[in-house]
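S.K.: One structure, as structure tokens, below. Some questions next.
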Amino acid sequence: MRPSPTDAPAAPPLVRHYVRRFFTSLSRRPPSTVDAAWAASVATPAEHALLARLSNQDRRHLIDSARQVQAALGPDADPVWLRAALLHDVGKHHAGLGVIGRSFATVAAYGLGHARVRAWSARSGLAGRIGRYELHGEIGADELRAAGSPAPVAEWSALHHHRDRFAASAIPPDVLAVLDAADH
């Protein structure tokens with residue numbers, strides 16, 4: 001007897017996240033006018049300049065993340081957490097990779113090891129771009145600090161792919177959980 005499709009094991013959450021992100025990334029639709037205006041009202045002009053250079057797909061994701069944080073923390077949420085969610089991926093700009101390149105970079109990091117792929121960031125060409133994609137959180141954190149962002153905004157950028165470092169973070173654990181959930 002063959003198992004029914006409902007008997008098949010569910011894909012792990014991270015796999016579901018990447019599959020969903022891949023398909024939503026195929027759309028080049030810009031954020032709505034309302035969402036773009038809201039993002040501009042949340043970020044400082046220097047932060048908004050970092051956000052504005054990202055692809056439509058990235059900006060839609062970041063706005064969605066910030067909106068989820070706002071919904072979870074309520075209308076009186078500290079705006080620093082909205083900014084953290086809105087800006088955590090600004091370093092992706094330096095990789096210059098499209099959807100397929102990012103997919104390849106993700107597979108390479110898991111297959112070859114994150115540390116090995118991060119070491120490629122100083123190289124030129126595709127390997128360097130893949131390395132910079134793997135380091136986008138840290139690169140973005142440096143840019144956010146240079147833009148005058150509050151420390152927690154830069155910290156979330158550097159931290160958002162490193163759950164193993166959450167316990168040492170100055171960001172309150174309940175806020176970390178909300179930020180993390182909004183990114184997935």
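S.K.: Being part of a helix (DSSP H, G or I), crowded, with 22+ Cβ neighbours inside 10 Å and at negative phi narrows it down to one of GLY140, GLY128, so name that one. Even if it seems obvious, please write down each step before you answer.
M.R.: On the way: GLY128 fails: crowded, with 22+ Cβ neighbours inside 10 Å.
Checking each option against the conditions leaves just GLY140.
S.K.: Next question. Evaluate the following for GLY101: is it in a helix (DSSP H, G or I), among the small types (Gly, Ala, Ser), surrounded by 14 or more Cβ atoms within 10 Å (Cβ to Cβ) and touching a residue at least 60 places away in the same chain (Cβ under 8 Å)?
M.R.: It is false that GLY101 is in a helix (DSSP H, G or I), among the small types (Gly, Ala, Ser), surrounded by 14 or more Cβ atoms within 10 Å (Cβ to Cβ) and touching a residue at least 60 places away in the same chain (Cβ under 8 Å).
S.K.: Provide a single number: the residues in region 40-60 that are surrounded by fewer than 20 Cβ atoms within 10 Å (Cβ to Cβ) and either without any contact (Cβ under 8 Å) to a residue 12 or more places away in the chain or not hydrophobic (A, V, I, L, M, F, W, C) (or both).
M.R.: Number satisfying all stated conditions: 10.
S.K.: OK, next. Out of region 150-177, which residues are modelled with pLDDT of 95 or more, among the acidic types (Asp, Glu) and farther than 19 Å from VAL42 by Cβ?
M.R.: ASP174
S.K.: Let me ask something else about it. Could we say that GLY111 is over 24 Å from ASN56 (Cβ atoms), over 17 Å from the mean Cα position of the chain (by Cα), not charged (D, E, K, R) and not in a helix (DSSP H, G or I) here?
M.R.: Answer is no for this residue.
S.K.: Please work out if TRP81 is part of a helix (DSSP H, G or I) and under 28 Å from THR44 (Cα atoms).
M.R.: Against the criterion (part of a helix (DSSP H, G or I) and under 28 Å from THR44 (Cα atoms)), TRP81 qualifies.
S.K.: Still on this structure, please answer the following. Select from region 122-152 the residues that are in contact (Cβ under 8 Å) with a residue 24 or more places away in the chain and aliphatic (A, V, I, L, M) and list them in ascending order.
M.R.: Matches in region 122-152: LEU126, ILE130, LEU135, ILE139, ALA141, LEU144, ALA147.
S.K.: Taking region 30-39, which residues are in a helix (DSSP H, G or I), among the small types (Gly, Ala, Ser) and without any contact (Cβ under 8 Å) to a residue 12 or more places away in the chain?
M.R.: Within region 30-39, ALA37 is the sole residue that qualifies.
S.K.: Let me spell it out: the conditions are (1) of a type outside the set (Gly, Ala, Ser); (2) in contact with an Asp or Glu (Cβ under 8 Å, 6 or more places away or on another chain); (3) modelled with pLDDT of 95 or more, and TRP38 meets all of them except one. Which number is the exception?
M.R.: Here TRP38 clears every test but (2).
S.K.: If you don't mind, another one. Taking region 40-64 on its own, how many of its residues are of a type outside the set (Lys, Arg), under 17 Å from the mean Cα position of the chain (by Cα) and not in a helix (DSSP H, G or I)?
M.R.: Matching residues across region 40-64 total 3.
S.K.: State which residue is surrounded by the fewest Cβ atoms within 10 Å (Cβ to Cβ) when the search covers only region 65-78 and only residues that are part of a helix (DSSP H, G or I) and of a type in the set (A, V, I, L, M).
M.R.: Applying the filter and picking the extreme gives ALA71.
S.K.: Same structure again: With the structure loaded, tell me whether ARG163 is surrounded by fewer than 22 Cβ atoms within 10 Å (Cβ to Cβ), more than 21 Å from HIS184 (Cβ to Cβ) and without any contact (Cβ under 8 Å) to a residue 40 or more places away in the chain or whether it fails that test.
M.R.: no
S.K.: Shifting gears a bit: Residue by residue through region 100-127, note down the ones that are over 14 Å from GLU138 (Cβ atoms) and among the basic types (Lys, Arg).
M.R.: Of everything in region 100-127, those that are over 14 Å from GLU138 (Cβ atoms) and among the basic types (Lys, Arg) turn out to be ARG102, ARG116, ARG123.
The values are calculated or read from the model by the stated rules, or taken from the named source; none is laboratory data. Predicted model only: the values in this text are computed from it and were never measured. Every residue, glycine among them, receives a Cβ derived from its backbone with ideal geometry; neighbour counts consider all protein chains shown.
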